[in-house]
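K.L.:
So that we are looking at the same thing, I have put the structure below in structure tokens.
Derivation of every value follows stated rules applied to the coordinates shown; laboratory data play no part. Keep in mind that this is a model prediction, so the values were computed, not measured. Here the Cβ is made from the backbone with ideal geometry for all residues, glycine too, and neighbour counts use every protein chain on show.
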């Protein structure tokens, strides 16, 4: 148990270290009283629901016995149902493809943008913050705008592609089984760029200017400077925002639900939309909970990866 | 010369990035025929407020949804700050048993999908008659805003000079007064960050609004947008006008508080 330096200092310098002190008791009680409301809240509305979800995934719950009546234990039956459902397999695969490709593209683009906007040129600061406005816009709104941009009849994307001669007949991006998921991946890249860009910029700003000057004196070109100065120092930030982006993208629901609801014919179904449908449209509470717990296990793995990444970063720093 | 090239490239790229936003706003001022015009009108040739007067200002539900969203987002902001600030202060400055457990739990909650909380909260809130209520939505949104707020605020309180807190205590300030009158004012930038991010979170939430408030009287802008312009819409002008409404409030909040938000985003982000 670590001791709070403030308390040790108090007891060492200002208060008799031995004996009972009302003041100290009051002080330590106050600390707990300050934390208590938040802990009670999180216990009741965050920890308990997670346990509830876990229990739910081993029970047979439908609308009929959701609030009243017996809830029989069914062991792993819900998980078996979930795994046996061919939609689960395809949704899991889509989730992986969606997450990995969106994050990979997003990182490459954001890194290129960060290297550009980290330079000091007039307007760089304003431009940096303009990207962040994308972060303030609700995903529902962005998704709605992209639905129109990608619309087959009046979408701008088709017009541009047609004008460039890349397309002879209109493409119905979001209602084409082969194109819905790739289109959503590109929209997700747009959604994710502000977060990654801001993080990478904060990492780049932290690199001491002297290192570049020294490298320039040694005659290092742009690529050598990136390879031997920027990249090694940016890598911890890069790794951390990569893992965080993986987590956010893997659990994201809003974009896919607004744009396609997982369709057409499940072509863009991901695990969160599958779980939502199971619970709130098909009322298969146990199966939905089972799917969500599987999502949770994946996210937990990613979170451990994140903690390991940042731990190593701190150790190296 | 070398400074002009990055400027031009940077400007072109940021314009391209924000183009969808521009396209959305201009579309709301186009007539239905102009929306479908070939070639598309980059600048509306005959801008008309028709969509705004009929679909936005002419439909009382829109204002109702905006007020609902404002209530839920403000409530989430107040509740998150009210619970997180004292907790973060105590976790930074008091000896709390289980501190690392609390912090680990808060940190790991960054990965909980809201859809995962929606099922149990739906069952719990149904029993407590909290579905279709502002309070239910505020509580649900706070579940994920609060841990993030604690993680973000704790370092802010930890950087307050000890001497200030000690001096207040020696002067006979009670711990509560020390917190409210000494620590809290000094942590203002951090508190502002947390307040803005919880507001944006409450405003943008779709999952809880979709699952916990199905009644039209408690519908929010996000679910309203989805309800009006669902899967089969072709009223793009109306959809873009409503989208502009959904964007306007968070954007204004964001622009007014930008310097606070950047630091918040870099320490983990809270979205989706």
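K.L.:
Between the alpha-carbon centers of the range A:63-128 and the range B:43-103, tell me the distance in whole angstrom.
P.N.:
Using only Cα atoms, the two centres lie 23 Å from each other.
K.L.:
Compute the orientation-averaged projected area for the range B:46-193 from the convex hull of its Cα atoms and round it to one decimal in nm².
P.N.:
13.5 nm²
K.L.:
Two decimals is fine: what's Rg over Rh for chain B, C-alpha atoms, Kirkwood radius as Rh?
P.N.:
Looking at chain B, the ratio lands at 1.06.
K.L.:
Mind checking the log10 I(q)/I(0) for the range A:153-255 at q = 0.15 Å⁻¹? Debye, one equal scatterer per Cα, no solvent, two decimals.
P.N.:
Listed by q, the Debye log ratios stand at -0.80.
K.L.:
Would you please state which residues of the range B:215-248 a label at residue B:74 would reach in this model, taking the label point 7 Å out along Cα→Cβ and a backbone N cut-off of under 11 Å?
P.N.:
none
K.L.:
Give me log10 I(q)/I(0) at q = 0.21, 0.22, 0.23 Å⁻¹ for the range B:168-267, Debye formula, one equal scatterer per alpha-carbon, no solvent.
P.N.:
-1.05, -1.09, -1.13
K.L.:
Moving to a separate point now. Quantify how much of the Cα-Cα distance distribution of the range B:1-100 extends past 17 Å, in percent.
P.N.:
Summing the P(r) of the range B:1-100 above 17 Å gives 74 percent of all pairs.
K.L.:
So for the range B:95-154, considering every pair of alpha-carbon atoms, how many percent are separated by more than 16 Å?
P.N.:
51 percent
K.L.:
Given only helices, namely DSSP H runs of n ≥ 4 each adding -39500 (n - 2.57), what is the per-residue ellipticity at 222 nm of chain A, to the nearest 500 deg cm²/dmol?
P.N.:
-21500 deg cm²/dmol
K.L.:
OK, next. Test of understanding: in a Gaussian network model of chain B with alpha carbons linked when under 10 Å, which of B:11, B:212, B:83 would top the mean-square fluctuation ranking?
P.N.:
With Cα springs under 10 Å in chain B, the top fluctuation among B:11, B:212, B:83 is at B:11.
K.L.:
Do you know the relative contact order of chain A, to the nearest whole percent, from alpha carbon pairs under 8 angstrom that are 6+ apart?
P.N.:
25 percent
K.L.:
Take residue B:231, project a point 7 Å from its Cα along the Cβ direction, then tell me which residues of the range A:159-193 have their backbone nitrogen under 16 Å from it.
P.N.:
Under 16 Å, as judged by backbone N against the label point of residue B:231, lie A:173-177, A:180-181 of the range A:159-193.
K.L.:
Rounded to two decimals, what is Rg over Rh for the protein assembly as shown when you use alpha-carbon atoms and the Kirkwood radius?
P.N.:
That ratio equals 0.99.
K.L.:
Over the range A:144-241, what is the relative contact order in whole percent, taking alpha-carbon pairs under 8 Å and six or more residues apart?
P.N.:
18 percent
K.L.:
List A:238, A:253, A:52, B:104 from most exposed to least, where exposure is judged by having the fewest other Cβ atoms within 10 Å.
P.N.:
In increasing order of surrounding Cβ atoms, one gets B:104, A:52, A:238, A:253.
K.L.:
Can I ask one more? Quick check: the distance between the Cα centres of the range B:140-186 and the range A:207-240, to the nearest angstrom?
P.N.:
About 38 Å separates the Cα centre of the range B:140-186 from the one of the range A:207-240.
K.L.:
Calculate, for residue A:186 and residue B:31, the FRET efficiency according to 1/(1 + (r/R0)^6) with r their C-beta to C-beta distance and R0 22 Å; round to the nearest 0.05.
P.N.:
So the FRET efficiency works out to roughly 0.15.
K.L.:
Right, another one. Cα-Cα pairs above 21 Å in the range A:178-317: how many percent?
P.N.:
Cα-Cα pairs of the range A:178-317 separated by over 21 Å account for 58 percent.
K.L.:
Among A:109, A:217, A:139, which one shows the biggest mean-square fluctuation in a GNM of chain A, springs joining Cα atoms closer than 10 Å?
P.N.:
With Cα springs under 10 Å in chain A, the top fluctuation among A:109, A:217, A:139 is at A:217.
K.L.:
Oh, and also: What is the helix-to-structure angle for B:114-127, meaning the angle in degrees between its Cα long axis and the longest Cα principal axis of chain B, kept from 0 to 90 and rounded to the nearest 10?
P.N.:
80 degrees
K.L.:
Of the candidates A:268, A:95, A:28, which one comes out as most mobile in a Gaussian network treatment of chain A with C-alpha springs shorter than 10 Å?
P.N.:
A:28
K.L.:
Taking 37 °C and 0.692 mPa s as the conditions, I'd like the Stokes-Einstein D for chain A in µm²/s, using the Kirkwood hydrodynamic radius from alpha carbon pairs.
P.N.:
Approximately 138 µm²/s, per Stokes-Einstein.
K.L.:
Which FRET efficiency value, to the nearest 0.05, do you get for residue B:63 and residue B:255 by plugging their Cβ-Cβ distance into 1/(1 + (r/R0)^6) with R0 = 25 Å?
P.N.:
So, using R0 = 25 Å, E works out to roughly 0.65.
K.L.:
In addition: In units of 2.2 N^0.38 Å, what is the alpha-carbon radius of gyration of the range B:1-48?
P.N.:
Rounded to two decimals, the normalised Rg is 1.54.
K.L.:
Using the number of other C-beta atoms within 10 angstrom as an exposure proxy, rank A:151, B:215 with the fewest first.
P.N.:
The order, fewest Cβ neighbours first, is B:215, A:151.
K.L.:
Still on this model: Under a plain spin-label model, where a point goes 7 Å from the Cα along Cα-to-Cβ, how far apart in nm are residue A:166 and residue A:40?
P.N.:
Going by the 7 Å Cα→Cβ label model, 5.8 nm.
K.L.:
Another question about this same structure. Angle, helix B:188-204 long axis vs. longest principal axis of chain B, Cα atoms, 0 to 90°, nearest 10?
P.N.:
Once rounded, one gets 40 degrees.
K.L.:
I want to verify the translational diffusion coefficient of the range A:57-142 in µm²/s; compute it with Stokes-Einstein, Rh as the Kirkwood radius over Cα pairs, at 37 °C and 0.692 mPa s.
P.N.:
Calculated translational D: 184 µm²/s.
K.L.:
Tell me the angle of helix B:60-93 to the major Cα principal axis of chain B, expressed in degrees between 0 and 90 and rounded to the nearest ten.
P.N.:
With rounding to tens, the tilt is 20 degrees.
K.L.:
Run lengths n ≥ 4 of DSSP H only: what is the helix-derived mean residue ellipticity at 222 nm for chain B, with -39500 (n - 2.57) per run over all residues, to the nearest 500?
P.N.:
-22000 deg cm²/dmol
K.L.:
Right, next: Order these by the 10 Å Cβ neighbour count, fewest first: B:35, A:137, A:294.
P.N.:
With the sparsest Cβ surroundings first, the list reads A:294, B:35, A:137.
K.L.:
With r as the distance between the Cβ atoms of residue B:42 and residue A:26 and R0 = 60 Å, compute the FRET efficiency 1/(1 + (r/R0)^6) and round to 0.05.
P.N.:
So the FRET efficiency works out to roughly 0.35.
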